[in-house]
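**Student:** The structure follows.
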Amino acid sequence: MTALGFLYPGHSAEDDYPRIEQLLGSDIRLDLVHTGAGEDTYRPGAPRGTGAVEELARSGEGLRLSGAEAVVWASTSGGFGYGWEGAHQQVRALARAVGMPASSTSFGFVHAVGEIGVRRVAVGATYPDDVTALFADFLGAAGIEVVAAHSARLASARRAAEWGEPELLALARAADTPAAEAVLLPDTALHTASHVGALEEQLGKPVLTANQVSVWEGLRLTDRRVNAPGLGALFTREPVVQV
């Protein structure tokens, strides 16, 4: 049994995690602990308030006691909102505090893009334009080219959590461009676990979504690979060998 821990802000799309656990169909347990949601608004200052290491460490203590082998901070904006260096400092401090490997959804996107072997991506974000730009900058710092970005300009995670497959598809299509090799939907407040396959079928290319990527990142930290077709190309492709 591999136990993975997730620190999830508030209550938006947390039910994606038991759904993903079911789709994995293996000896993997996904444990979720809720952190304070902070201010439920999408603006540049707000994401930083949800990612204070002291708060994450307090929440992560329960995951350590439950037997989790790795922990992922499952708030994309709560990672990239600190910038490239700040997000690194955040996960290093979290790992020290909880005594296990740690990462965040933001870095999960970076690693997942490398896993599927692409360099040019489109971003479909629920955020306002300036927050979406912060995510694009974060990806750029990792050497990933953002060839297109679309902002839905929602006001809050609560609003994002109300979206279903039609809205997700509209968001992905609005962001997509022929130059993009994959489409990224970065908000962990979106319910995407049941829709990745349909999104990829409609777009004809890999789609990376925040909760899907968070779980894959936890597996990466524990050196586990799971073939789960229901979770899209990220969980079915062979890893890219770097030469």
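**Student:** Could you grab me the full set of residues in region 82-101 that are outside any loop (DSSP other than H, G, I, E, B) and in contact with a Lys or Arg (Cβ under 8 Å, 6 or more places away or on another chain)?
**Tutor:** Selection gives V98 alone.
**Student:** Between residues in region 149-172 that are modelled with pLDDT of 95 or more and residues that are among the aromatic types (F, W, Y) and buried (at least 17 other Cβ atoms within 10 Å of the Cβ), which pairs lie under 7 Å by C-beta distance while being six or more apart or on different chains?
**Tutor:** These pairs meet every condition: S151/Y127.
**Student:** How about region 130-243: which helices (runs of 4 or more DSSP H) wholly inside it have at least 1 residues that are crowded, with 23+ Cβ neighbours inside 10 Å and of a type in the set (G, A, S)?
**Tutor:** 157-160, 165-175, 210-221
**Student:** Pick from region 49-81 the residues that are farther than 14 Å from S103 by Cβ and in a loop (DSSP other than H, G, I, E, B): which of them is modelled with the highest pLDDT?
**Tutor:** So the residue we want is G81.
**Student:** Let me ask you something else. For region 103-129, give me each residue that is charged (D, E, K, R), in contact with a strand residue (DSSP E or B) (Cβ under 8 Å, 6 or more places away or on another chain) and part of a helix (DSSP H, G or I).
**Tutor:** In the first step, residues of region 103-129 are kept if they are charged (D, E, K, R); the result is 115, 119-120, 129.
Those left that are additionally in contact with a strand residue (DSSP E or B) (Cβ under 8 Å, 6 or more places away or on another chain): 119-120, 129.
D129, the sole residue that qualifies.
The values are calculated or read from the model by the stated rules, or taken from the named source; none is laboratory data. Every value quoted in this text rests on a predicted model; they were computed, and no experiment measured them. Positions of Cβ are backbone-derived with ideal geometry, glycine not excepted, and every protein chain shown enters the neighbour counts.
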